[in-house]
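The values are calculated or read from the model by the stated rules, or taken from the named source; none is laboratory data. Source: prediction; values computed, not measured. No Cβ is skipped: glycine too gets one built from the backbone with ideal geometry, and neighbour counts run over all protein chains shown.
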Amino acid sequence: MTQEQTPNPSTRREFLQTSAATGAAALMATGNYAHAQGTQKLRIGLIGCGGRGSGAAIQALNADPENYLVAMGDVSKVQLDNSLAELKKDVDVSKRVQVTPEMSFSGLDAYLKVIQSDVDVVLLASPPGFRPREIAAAVEAGKHIFAEKPMGTDAVNVLMALEAARGVKAKKLAFVAGYCWRYDYARRAFYEKIHAGEIGELRQIHATYLAGPVKPMPTADTRPKEMSDVEWQIRNWYNFVWLSGDGLVEQACHSVDKILWAMKDKPPLRCTATGGRMVPNNEGNIYDHISVFYEWADGTRATMAQRQIQCPHYDNSDYLAGTKGFGVIKNKPMIQTDKMWTFTGIEKNMYQVEHDEFFASIRNGKPLDNSERMATSTLAGIMGRMAAYTGAEVTWKQVLSSKEDLFPKPLTWDMNLPIKPMAIPGRTPLV
């Protein structure tokens, strides 16, 4: 499958309103690769050394025997050192973890130091608020990019990242997004059947991401006296909208992405939502539950139920209703029409598959580009959050014209950064 041709910047918004990217683009390379093809060594830099970043580094190294991790960066030196120590313990990849002290960078500018070093590939796994500036810098520097989900935490910066990502085609760079379910073999087979009309015309989608709390906020009295506002918030990044985007955008974005996958990446026309916080969280300004009602121009509807509360019941499922039958994903995908279908093919870890295909596309000179659909799915999640926070009906056009820029500029360690109050529907304005 191939993506539709990318328009020029002047038609960007029209494109996002009307296009439906149907897969990753395979563009034939004609040069300008830095150690891209054949069996030459590929030098990898990791930005964001938490659990997901460390996992991505291992998967990147397992994807190709000529991949080497040579640079790492994180705002926290302690986090970087801990990650590097764990990576060196992994017997399968430790010999190709070749990060020297000179190539270990910490601080708010660590991402730039990694990107501007002699690496061919960057793995972007910092908190999502940092993702747009990292994408922009990596494209400008001509690096192949693996970017964890989501693409950002507000529409202004996501659209900036998307604009920057237009450069990957001209520079023949690979860009793979961390919406990992797109690389799950069973779900690929499922959505291929959905798109082929197996359940008829799609009419309704219901997705759930009912999970427990993620990185709960500690009490204010545990904050060291010398710790700045910025460091305190980054250390507890999940609890702040500018860094995480809230649970709908950071975690349940996987389910939003699968809704968009079912809709062939055509964005919703409008949405309404409800949400709030039922369980106190000390500090921070994110909700612990959001439910969104999406509508498309053809009348198709989708509901997205998200929560992060300690409860007796958890659920991460997808339910699709069509004119001829139903599709359900709970553990394994199944389709029920006049006959039953379940996936019986081979299984492989989807996190590994996305890196296998990412690096294969670099080696083969046919770079994957997930940037358009990554932006669309991220913006759809932000759209739902905007509706929940304000109580307003939010249209896709309003998302694309939003002026909400959550990222502090300029961002410095010692700046005063008061915690913004939690949104109140009906009082918080739509920006």
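What's the number of the only condition in (1) under 12 Å from Ile47 (Cβ atoms); (2) acidic (Asp, Glu); (3) surrounded by fewer than 24 Cβ atoms within 10 Å (Cβ to Cβ) that Asp81 fails to meet?
With respect to (1) under 12 Å from Ile47 (Cβ atoms); (2) acidic (Asp, Glu); (3) surrounded by fewer than 24 Cβ atoms within 10 Å (Cβ to Cβ), Asp81 is out only on (1).
Looking for something surrounded by 20 or more Cβ atoms within 10 Å (Cβ to Cβ), part of a strand (DSSP E or B) and among the polar types (S, T, N, Q) - is there at least one such residue anywhere in the stretch 301-311?
So far as the stretch 301-311 goes, yes, one or more of its residues are surrounded by 20 or more Cβ atoms within 10 Å (Cβ to Cβ), part of a strand (DSSP E or B) and among the polar types (S, T, N, Q).
Among the residues of the stretch 354-402, write down those that are over 19 Å from the mean Cα position of the chain (by Cα) and either at positive phi or of a type in the set (Lys, Arg) (or both).
Arg363, Gly365, Lys366, Gly391, Lys397
How many residues, within the stretch 314-362, are in a strand (DSSP E or B) and among the hydroxyl-bearing types (Ser, Thr, Tyr)?
Qualifying residue count, the stretch 314-362: 2.
Please count how many residues of the stretch 46-59 are in contact (Cβ under 8 Å) with a residue 60 or more places away in the chain and over 20 Å from Ala110 (Cα atoms).
Number satisfying all stated conditions: 1.
Would you mind stating whether Ile259 is of a type in the set (A, V, I, L, M), assigned to a helix (DSSP H, G or I) and at pLDDT 95 or above?
In short, yes.
Does the stretch 357-377 contain any residue that is acidic (Asp, Glu) and loosely packed, with under 14 Cβ neighbours inside 10 Å?
No; the residues of the stretch 357-377 include none that is acidic (Asp, Glu) and loosely packed, with under 14 Cβ neighbours inside 10 Å.
Find the residue count for the stretch 157-180, including only residues that are in a helix (DSSP H, G or I) and touching a strand residue (DSSP E or B) at 6+ places or on another chain (Cβ under 9 Å).
Number satisfying all stated conditions: 4.
Can you spot a residue in the stretch 206-218 that is among the aliphatic types (A, V, I, L, M) and closer than 24 Å to Thr344 by Cα?
yes
Check Gly107, Gly142 and return the single one that is more than 30 Å from Asn285 (Cβ to Cβ) and surrounded by fewer than 24 Cβ atoms within 10 Å (Cβ to Cβ).
Only one candidate qualifies: Gly142.
Out of the residues in the stretch 214-234 meeting the condition of being surrounded by fewer than 16 Cβ atoms within 10 Å (Cβ to Cβ) and under 23 Å from the mean Cα position of the chain (by Cα), tell me which one is nearest to Trp413 (Cα to Cα).
Within the stretch 214-234, the match that is nearest to Trp413 (Cα to Cα) is Lys215.
List every residue pair whose Cβ atoms lie under 8 Å apart, where the two residues are 6 or more positions apart in sequence or sit on different chains, the first residue falls within the stretch 117-137 and is over 18 Å from Leu80 (Cβ atoms) and modelled with pLDDT of 95 or more, and the second residue, located anywhere, is β-branched (Val, Ile, Thr) and part of a loop (DSSP other than H, G, I, E, B).
Matching pairs, first to second residue: Pro128/Thr153; Gly129/Thr153.
Return yes when Lys193 is under 23 Å from Met263 (Cα atoms) and among the basic types (Lys, Arg) and no when it is not.
Yes; evaluated as a whole, the condition is true for this residue.
Return a yes/no flag: does the stretch 116-125 have any residue that is among the hydrophobic types (A, V, I, L, M, F, W, C), more than 17 Å from Val176 (Cβ to Cβ) and part of a loop (DSSP other than H, G, I, E, B).
No, because not a single residue in the stretch 116-125 is among the hydrophobic types (A, V, I, L, M, F, W, C), more than 17 Å from Val176 (Cβ to Cβ) and part of a loop (DSSP other than H, G, I, E, B).
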